[in-house]
Amino acid sequence: MKNKQISQLTLCDSYNHSQIIPISNARQIFNKIVKVYVSREDIYNSSKTSREFQAYQNIDSETLLIVVSIRSDWLTPWKGIVTEDVYFYREPFAQ
């Protein structure tokens, strides 16, 4: 799966896993969260960069898109916040 924006998404939940902290600490939190998701059997089609993880998760008949990321301000790139966003994903209608 390539990291991209998909128009068929509805934000279900958003959670900050940290306050604004040094990037090295944010990476530790980020990597622990990603490790948990990657080990799950209901997670598929995942992709990871140094600051973002995306994966799909099936729960019953629903598909969710999980996005875990480290966000930082351009003025303070040495600090960041770890966030997790969960989106309801709806397949596009056939044309």
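Bear in mind these aren't lab numbers, they're just calculated from the coordinates by the rules spelled out. Remember, it's a predicted structure, so these values are computed and weren't measured experimentally. Don't worry about glycine lacking a Cβ; one is built from the backbone with ideal geometry, like all the others, and counts go over all protein chains shown.
Under 14 Å from the Cβ of residue 51, count the other residues' Cβ atoms, weight Lys and Arg +1, Asp and Glu -1, and hand me the total.
0
Other residues within the sphere of radius under 9 Å centred on the Cβ of residue 69, judged by their own Cβ, net out at -1 (K and R +1, D and E -1).
The three principal axes of the C-alpha atoms in the chain carry coordinate ranges of 44, 28, 22 Å, sorted with the longest axis first.
Per residue, the chain reaches -6000 deg cm²/dmol at 222 nm when only DSSP H runs of four or more residues are counted, each adding -39500 (n - 2.57). Once each of the chymotrypsin sites (Phe, Trp or Tyr not before Pro) sitting in a DSSP loop with at most 12 other beta-carbon atoms within 10 Å is removed, the chain keeps 1-73 as its longest stretch.
Enumerate by residue number the trypsin sites (Lys or Arg not before Pro) in region 24-69 meeting two conditions: DSSP loop (anything except H, G, I, E, B), and at most 13 other Cβ atoms within 10 Å of the site's Cβ.
Within region 24-69, the qualifying trypsin sites (Lys or Arg not before Pro) (loop, at most 13 other Cβ atoms within 10 Å) are 40.
Among the GluC sites (Glu not before Pro) found in region 25-66, those both in a DSSP coil and sparsely packed, with 10 or fewer other Cβ atoms within 10 Å of their Cβ, are 41.
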